[in-house]
1. Within the stretch 443-457, identify whether any single residue is part of a loop (DSSP other than H, G, I, E, B), modelled with pLDDT of 90 or more and out of contact with any Leu (no Cβ under 6 Å at 6 or more places or on another chain), and answer yes or no.
2. If H227 satisfies all but one of (1) under 30 Å from L314 (Cβ atoms); (2) crowded, with 20+ Cβ neighbours inside 10 Å, what's the number of the condition it fails?
3. Would you mind finding the one in F42, F58, F67 that is touching a residue at least 40 places away in the same chain (Cβ under 8 Å) and assigned to a loop (DSSP other than H, G, I, E, B)?
4. Name the single residue that is modelled with the lowest pLDDT among those in the stretch 38-56 being of a type outside the set (S, T, N, Q) and under 17 Å from F289 (Cβ atoms).
5. Being farther than 30 Å from L84 by Cα and surrounded by 19 or more Cβ atoms within 10 Å (Cβ to Cβ) narrows it down to one residue among S334, S309; which is it?
6. If the Cβ limit is 7 Å and pairs must be 6+ apart or interchain, which residue in the stretch 82-110 that is part of a helix (DSSP H, G or I) pairs with which residue that is loosely packed, with under 15 Cβ neighbours inside 10 Å?
7. Among the numbered criteria (1) within 30 Å of H207 (Cβ to Cβ); (2) surrounded by fewer than 21 Cβ atoms within 10 Å (Cβ to Cβ); (3) touching a residue at least 60 places away in the same chain (Cβ under 8 Å), which single criterion is violated by N340?
Amino acid sequence: MMIIGSFITLGFYWGDLVIYSTVGLIVYVIIMVVGSALDKKFNNSMQTFFDGKEERLFDDNNLLRSFALLLITLLPYLLYLHALALFAAIDFAGYTLVYFGSERIPVVLLVGLAIVVIGTGLAILIGFYFMFFPPKRKTIGIVLNEREQQHLWAVSMEIAEEMKTKPINKMIVTQNPGICVYLEGNTFLTLLGRGKKVLEIGLPSLHNMNTREFKAILSHEYGHFSHRDTQWSVFTYSMGTSLINTLRSMPGPKRGSEWGLIRLIMAINPAYWIFLIYTMLYFKITNGFSRIREVMADIVAMNLYGGKSFASALMKVAVNDTFYSDVIQPVWHSSLIESNLAISHFSKAMDNFYADHTTNEDIEELKKRILSRSQTHSIYDSHPALKTRIDYAMKYKDKEINISQQDESFNTSVDFDKIFNNATPDELPISKLFNDWDLINTKIAELFNMSLTHTKSALPK
């Protein structure tokens, strides 16, 4: 590659920088245009389902392969930008010195330019390190082994058998909201799909959920494994971690201190702006790819347990996670720290909070607010809008529910009371899947109380 030859020969010329930058810009535009076209094609595919022109929500393998290839292209392009950024920083410093000529060059200018060149080089090295050795996920929770949680593991095995895939290797219950899966292990092994399959269950997300709804969510997560989404996640996570750490370490515009000549030189650093512009492209392409994979995992869940159960589960998780993060957790932190108290049973404490501080009308209003702010997704969202997912779930298999199309943004009219409050008698509460529900809640409460202690110790005296 010509740019590597310039480094070898130490030929840092302005004309070469223009050529290399033009090449980089052309590639940037091509990736952006192709990514936008693929994203539009995906949205059109979903729209045809809503319009009743297609029975399948999404089934376009060519689009998937094209998006995957585009995603892979981001890596060599990022490596090219590493070289371009360092070349630009050196050129910037060199031609600034040439501009001053033989006149006496201010020391502060030399310091600023040295910071830009050396800092850019170090930042790129830091980025390379995090690309190959990204931080491992650190989950604080209770590991559920198969011997102690036979019912829960039996459900997992049942879904794995239905999907003709290998079951997960590890389950963890945590005090934080959210349910997700990931591969645990060495970066290179997880890229090959050889890591340990982990299911992480946030106890707040399970509030008021029944077993069928949990199975629908679990089958969605299994869908990520069967489609190898967790391997793609390792790839994008490594690239994203590298990119973020490079930007953080690189000389650029900084906040919090007075402006001076050195700060001005750092703010102009072209390498910083090259990486910042690439960041926008990275998130657009990776999140567009992620949205398709989420829909594919949704299809798995709806095929196994129906659209109605999946829609109900999605809504409950959204309500639980939002209410816990925005209301319960802040109130608990402030009130328990102030009164020097603790909780003894996590789920009972949540139940009591709901009973004491909310009514059915409050929860219905929260559902409406969540759906109203999720009408459509942004190009930078990793998941389709919740409203969109609820709408296609209800249309997917529950043909008896009347869904009327209102506009192009999938804004449908659904009787949510009928959907979420009409559970069949044989649907047991989620607690029945755990052999020792009370013991688990006691342990999670202890973890929460420990976090309160750490929070309290960090507060100013």
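1. no
2. (2)
3. On the way: F42 fails: assigned to a loop (DSSP other than H, G, I, E, B); F67 fails: assigned to a loop (DSSP other than H, G, I, E, B).
Of F42, F58, F67, the one residue that is touching a residue at least 40 places away in the same chain (Cβ under 8 Å) and assigned to a loop (DSSP other than H, G, I, E, B) is F58.
4. Restricting attention to the stretch 38-56, the residues satisfying the condition of being of a type outside the set (S, T, N, Q) are 38-42, 46, 49-56.
Imposing the further condition that a residue be under 17 Å from F289 (Cβ atoms) reduces the set to 38-42, 46.
Values: L38: 95, D39: 92, K40: 93, K41: 94, F42: 93, M46: 89.
So the residue we want is M46.
5. Values: S334 fails: surrounded by 19 or more Cβ atoms within 10 Å (Cβ to Cβ).
Of the residues listed, the single one that is farther than 30 Å from L84 by Cα and surrounded by 19 or more Cβ atoms within 10 Å (Cβ to Cβ) is S309.
6. Matching pairs, first to second residue: A83/I4; D91/W14; Y95/W14; L97/I105; V108/L261; L109/L261.
7. Only one criterion is unmet by N340, namely (3).
Residues are listed down the side, and each one gets a yes or a no for (1) at pLDDT below 90; (2) among the charged types (D, E, K, R); (3) surrounded by 15 or more Cβ atoms within 10 Å (Cβ to Cβ); (4) more than 27 Å from R212 (Cα to Cα):
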residue	(1), (2), (3), (4)
D321	no, yes, yes, no
D362	no, yes, no, no
L371	yes, no, yes, no
S382	yes, no, yes, no
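The values are calculated or read from the model by the stated rules, or taken from the named source; none is laboratory data. Quick caveat: nothing in here was measured; it's all calculated off a predicted structure. Glycine also receives a Cβ, built like all others from the backbone with ideal geometry; neighbour counts cover every protein chain displayed.
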